[in-house]
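Visitor: Here it is, the structure, as structure tokens.
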Amino acid sequence: MRARKILVIGLAVFAAACSPASHEPEHKLVGRSPVIPAPDKSWFPTLNFSTARGWPAGMTPKAPPGFTVTQFAGGLDHPRWLYQLPNGDVLVAESTTEPGPPKSLEDRIGAWLQRNSDSNGKSANRITLLRDTKGNGVADRRWVFLAGLHQPFGMLLLGDKFYVGNTDGLMRFSYKPGSTTIDGPGEKILALPKGGYNNHWTRNVFANESGTKIYVTVGSGSNVGEHGVDNEVHRADILEINPDGSGLRVYASGLRNPNGLGYEPVTHALWAVVNERDFLGNDLTPDYFTHVVDGGYYGWPYSYWGRHVDARVTPQRPDLVAQAITPDYSLGSHVAPLGLAFYDGTAFPAAYRGGAFIGEHGSWNRKPFSGYKVVFVPFKDGEPAGVPQDFLTGFMPDDGSGNAYGRPVGVIVAKDGSLLVADDVGNCVWRVAAK
């Protein structure tokens with residue numbers, strides 16, 4: 001076992017050193033009609049790990065002219081996801097990867113890179129409530145809202161019930177308006193498959209616009225189904241349930257690792273950001289942003305970007321490939337989009353209203369690095385209009401070191417119209433406001 005681990009790490013280091021750089025200009029890899037190159041058939045996959053460093057004193061991410069960036073809250077422990085309560089209090093889920101027993105060579109590489117990039121393997125397993133009592137854009141009060149959770153991620157308030165997406169199930173708690181902590185016991189209303197390939201442990205929770213249905217995102221348990229179909233039951237899906245946990249069904253499938261969800265304000269269509277598969281090359285396959293069709297199938301694991309067949313998958317399923325929906329919008333390969341927020345405020349300039357902010361956690365298997373920023377996708381008449389625009393950058397310095405000051409994850413629009421961004425390496429929440 002030890003010899004195999006040494007071999008895996010040796011291969012990873014060798015691959016990282018020898019992997020070729022990207023050959024396609026970035027602008028060809030993003031937008032409505034990206035270039036889809038042929039798969040890379042080299043023996044060694046691209047592995048290019050960043051190293052979590054944290055922010056040097058006095059430094060912040062960079063926003064476009066006309067905006068200021070300040071720290072809304074610091075001293076957190078891997079803040080991953082954000083949720084705003086009706087009174088403006090901000091909840092932050094503090095949780096991280098907890099590597100499980102790997103099942104394959106790819107799993108071992110994934111677990112190793114996680115330990116060396118952004119995770120110490122010890123999750124805080126709590127939700128913290130942040131309150132800005134002075135209205136100056138700084139959370140000056142905080143409380144432990146919920147503790148003893150299991151890798152919490154998505155959060156949702158419906159009436160007097162508060163929901164938390166643990167990695168192994170959806171929890172429901174009783175809630176009183178204005179509460180700074182929840183003391184009562186919760187109940188698991190839906191069991192979920194725990195973790196997954198490369199630790200696809202995040203479970204987002206989102207309600208439909210009428211509050212009558214709840215959607216839960218679950219990532220795949222493998223890269224391309226290499227652990228068998230039984231391992232993928234209720235994975236790579238967006239699940240739908242009633243608020244009491246009944247009525248479970250698959251709302252959409254073939255989404256390798258869906259995370260952020262949001263309703264586009266003009267068409268009221270449900271949109272999602274999705275992390276695609278690995279080890280096909282620097283420029284394959286595109287992570288994407290798409291509206292989600294009820295009952296739609298998006299290709300995983302048999303095809304990508306619509307009907308581009310993945311030859312690694314056995315047995316093949318041409319019947320399913322024929323049904324695969326092509327996503328609306330490429331964000332680029334391996335950018336790892338997680339957070340999603342449509343801008344419904346009025347504080348930002350008009351060009352931002354109705355568009356989407358997306359938190360890109362950043363690549364580990366691409367040269368050069370991609371992601372590590374928050375991008376803005378402009379919308380017109382309910383559809384993406386133009387390429388992604390850099391909005392919050394500087395999380396990784398452009399010096400070739402591979403040191404990451406931070407990695408953005410969840411994004412939300414605060415009640416005052418500012419944008420809040422969870423940074424799980426910087427251990428803080430950033431606030432971007434218009435001057």
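Visitor: For the chain, what Kirkwood radius comes out of the mean inverse Cα-Cα distance, in Å?
Guide: Every distinct Cα pair counted, the radius reaches 21.7 Å.
Visitor: Would you calculate the separation in nanometres between label points at Thr180 and Val233, each defined as 7 Å from the Cα along the Cα-to-beta-carbon direction?
Guide: 4.5 nm
Visitor: What is the distance, in nm, between label points placed 7 Å from the Cα along the Cα-to-Cβ direction at Glu209 and at Asn87?
Guide: Label-label distance for Glu209 and Asn87, simple model: 2.9 nm.
Visitor: Of Met155, Met396, Met59, which is the most mobile in a GNM of the chain whose springs link Cα atoms less than 10 angstrom apart?
Guide: Of Met155, Met396, Met59, the Gaussian network model singles out Met59 as fluctuating most.
Visitor: Another one. Between Gly345, Pro327, Gly75, whose Cα lies farthest towards the positive end of the dipole of the chain when Lys and Arg beta carbons carry +1 and Asp and Glu beta carbons carry -1, centred on the Cα centre?
Guide: Gly75
Visitor: In addition: Please identify, among Pro185, Pro384, Pro327, the residue showing maximal mean-square fluctuation in a Gaussian network model of the chain using a 10 angstrom Cα cutoff.
Guide: Taking springs between Cα atoms under 10 Å, the residue moving most is Pro185.
Visitor: How large is the accessible surface per residue of the chain, computed with a 1.4 Å probe and reported in Å² as a whole number? Before the final figure, lay out each step's value.
Guide: Working: 17140 Å² over 435 residues.
Here the per-residue accessible area is 39 Å².
Visitor: Okay, next question. Just for the Cα atoms in region 175-269, what are the lengths along the principal axes, largest first, rounded to whole Å?
Guide: Principal-axis extents of the Cα atoms in region 175-269, largest first: 47, 38, 24 Å.
Visitor: While we're on this one: Report the residue, chosen from Asn204, Asn259, Asn231, that carries the largest GNM mean-square fluctuation when the chain is represented by alpha-carbon nodes joined by springs under 10 Å.
Guide: So, out of Asn204, Asn259, Asn231, the one fluctuating most is Asn231.
Visitor: Over 19 Å, how big is the tail of the calculated P(r) for region 285-393, in percent of all Cα pairs?
Guide: Everything past 19 Å amounts to 52 percent.
Visitor: Another question, if that's okay. Between Asp344 and Met59, what is the label-point separation in nm under the 7 Å Cα-to-beta-carbon projection?
Guide: In this crude label model, Met59 to Asp344 measures out at 3.6 nm.
Visitor: Report the full-extension gain for the segment Lys415 to Trp143: residue separation times 0.36 nm, less the Cα-Cα distance, to one decimal in nm.
Guide: 95.9 nm
Visitor: Would you work out what percent of the accessible area of the chain, with all protein chains in place, is carbon or sulfur (probe 1.4 Å)? Please list the in-between numbers first.
Guide: Working: 9060 of 17140 Å².
Exposed carbon and sulfur together represent 53 percent of the surface.
The values are calculated or read from the model by the stated rules, or taken from the named source; none is laboratory data. Remember, it's a predicted structure, so these values are computed and weren't measured experimentally. Backbone-built Cβ (ideal geometry, glycine too); neighbour counts: all protein chains shown. Side chains are part of the model used for accessible areas, which takes the heavy atoms of the whole protein and leaves out ligands, DNA and RNA. Shrake-Rupley method; radii C 1.70, N 1.55, O 1.52, S 1.80 Å.
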